[in-house]
Amino acid sequence: MKDWLRRFMMGRYGSDQMNKGLLIGALAFLVLSWIVDWNLLWWLALVCLGWSYFRMLSRNIGKRQQENRIYLQKTAALRKELQFQQRKWQERKVYAYFKCPHCKAHLRVPKGKGRVMVRCNKCGREFEKVS
Ligand SMILES: [Zn+2]
């Protein structure tokens, strides 16, 4: 069985970040379609799933790699923001996060230090903050 699958997948593209995105999209559309009972969402979930399988089984590897490159370029800002939010959540007990009032840069200070003077490492200005 495992050997059969290995032979079947030989020369095929397999999975990548775009496929992962498509599967997450399919799952999101599916869950949404249960909540709002809107048929279009179910169809969108099916399209995402079908597209993901098409890409996984495709033998046109160069074209799929090019699609993945474009996908990574288009979603770079979103993925960066998600990583930042994840980091903020993981460090929520250790660091207080806030934005610089002058340049809007993200800053963090150790939590529980009371009033602290913060120097923005982007614009260099200083301001007081409670951590
Ligand atoms: Zn600043």
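Could you rank the peptides 2-11, 50-59, 21-30, 75-84 by their average count of other C-beta atoms within 10 Å per residue, with the highest value first? If you can, show how the numbers build up before the last one.
Working: 2-11: 8.7, 50-59: 14.9, 21-30: 16.9, 75-84: 10.9.
My ranking of the peptides, most packed first, is 21-30, 50-59, 75-84, 2-11.
Give me, ordered by chain and number, the residues 5 or more places off Lys111 or on other chains with an amide H under 5 Å from its own placed amide H.
The answer is Tyr95, Ala96.
For every other residue with a beta carbon closer than 13 angstrom to the beta carbon of Asn60, add +1 if it is Lys or Arg and -1 if Asp or Glu, then tell me the sum. Could you put the intermediate results ahead of the total?
Values: positive: Arg12, Arg55, Arg59, Lys63, Arg64; negative: Glu67.
Surrounding charge for Asn60 is +4.
Need one word for the stretch 2-74: rounded, prolate or oblate. Basis is the Cα gyration tensor (sqrt eigenvalues a ≥ b ≥ c); a/c below 1.5 gives rounded, then a/b vs b/c decides. It would help to have the intermediate numbers written out before the result.
On the way: a/c = 3.03, a/b = 1.66, b/c = 1.83.
Since a/c reaches 1.5 but b/c is at least a/b, the shape of the stretch 2-74 is classed as oblate.
With an 8 Å Cα cut-off and a minimum separation of 6 or more residues, compute the relative contact order for the chain in percent.
Details: 125 pairs, mean separation 22.7, N = 131.
Across the chain, relative contact order equals 17 percent.
By the scheme Lys and Arg +1, Asp and Glu -1, what is the net charge of all other residues having a beta-carbon under 11 Å from that of Leu22?
Numbers: positive: Lys20, Arg55; negative: Asp16, Glu67.
Here the charged neighbours net out to 0.
Every cysteine in the chain with no other Cys Cβ under 4.7 Å from its Cβ, please list them in numeric order.
Cys48
When a/c reaches 1.5 or more, the comparison of a/b and b/c decides; with that in mind, is the stretch 87-130 rounded, prolate or oblate per its Cα gyration tensor?
oblate
Run lengths n ≥ 4 of DSSP H only: what is the helix-derived mean residue ellipticity at 222 nm for the chain, with -39500 (n - 2.57) per run over all residues, to the nearest 500? Numbers along the way, then the final one.
Working: 5 runs with 76 residues, N = 131.
Computed mean residue ellipticity for the chain: -19000 deg cm²/dmol.
By how many nm would the segment from Trp34 to Gln83 grow when fully extended, if each residue of separation counts as 0.36 nm and the alpha-carbon distance is taken off? Intermediate values should be presented prior to the final figure.
Working: separation 49, 0.36 × 49 = 17.64 nm, distance 2.81 nm.
Answer, rounded to one decimal: 14.8 nm.
Here, each number is a calculation from the coordinates, and none is a lab measurement. What you are looking at is a predicted structure, and each value in this text was computed from that prediction instead of being measured. With ideal geometry, Cβ positions are generated from the backbone for all residues, glycine too; neighbour counts draw on all protein chains shown.
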